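Beneath this line is the structure, given in structure tokens, with notes to follow.
Here, each number is a calculation from the coordinates, and none is a lab measurement. Every value quoted in this text rests on a predicted model; they were computed, and no experiment measured them. Cβ placement follows ideal geometry from the backbone for every residue including glycine, while neighbour counts extend to all protein chains displayed.
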Amino acid sequence: MAIQWADYDLDYIRRRYDRIAGLIVPFEWLLFMPTAFRRTAVARIGLRPGDRVLEIGCGTGRNLPFLRDAVGAAGRVYGVDFSSGMLARAGELVRRNDWSNVELTQADAADYRAPEPLDAVMFGLSYNTMPHHRAVLARALDMLRPGGSLVIMDAKLPPGIGGKLVLPFSIWLMKHTVLGNPHIRPWEHLAPLVDGFAMEEFLFGSYYVCRGTKRAG
């Protein structure tokens, strides 16, 4: 039986992520994340030097180097996450690299508001982990300027028999790590809300990047 996110409150999820903050890289190995997946996802945003970009669910900061390189010293990178354990590691990365244009905030993404209009928003392996993902998506679009890009990168069940075979393991992993709900289909949520929707799949459909631009008016 699918585990419903209504069973979990935000404090429970926050505490669970605080505990697994040091295990993100091993999880990526365990789940066979493609080596260049993060870099590819950031490239699909289409950032330019000087842009303002927000990562929702920035975690330990694994995407921050690619985002910061894309916007350059003249741009600005915002990251929001509600896990203090995750953000402590992201903050250490920012300080170690002396990135004065990277700003991290601990908050519920549904309540967060960037201090300026954004050119892009990215969900970094986070959309499926949020019980209120549609509210967060609405907030993300509200912060974007018209024509700004929104990208969701994440894992999903592969199509066909492969997906059916791994579903029990996916549900078990979700229950014990809160790393995402395999029944949520973010691309179906994003596609009706944006222009130029596109989706790419990787590793036989186990990972994807979907994206679109905010409509004018």
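List of remarks:
- Fully extending the segment from Met199 to Ser100 would add 32.3 nm, taking 0.36 nm per residue of separation and subtracting the current Cα-Cα distance.
- Approximate spin-label separation Arg48-Ala216, in nm, with each point projected 7 Å along Cα-to-Cβ: 1.5 nm
- Taking the charge dipole of the range 59-134 about its Cα centre, with +1 at Lys and Arg Cβ atoms and -1 at Asp and Glu Cβ atoms, the residue from Met86, His133, Gln106 reaching farthest to the positive side is Met86.
- Length gained when the stretch His189-Ala135 is fully extended (0.36 nm per residue, less Cα-Cα span): 18.3 nm
- Extension gain for the segment Asp111 to Ala36, taken as residue separation times 0.36 nm less the Cα-Cα distance, is 23.9 nm to one decimal.
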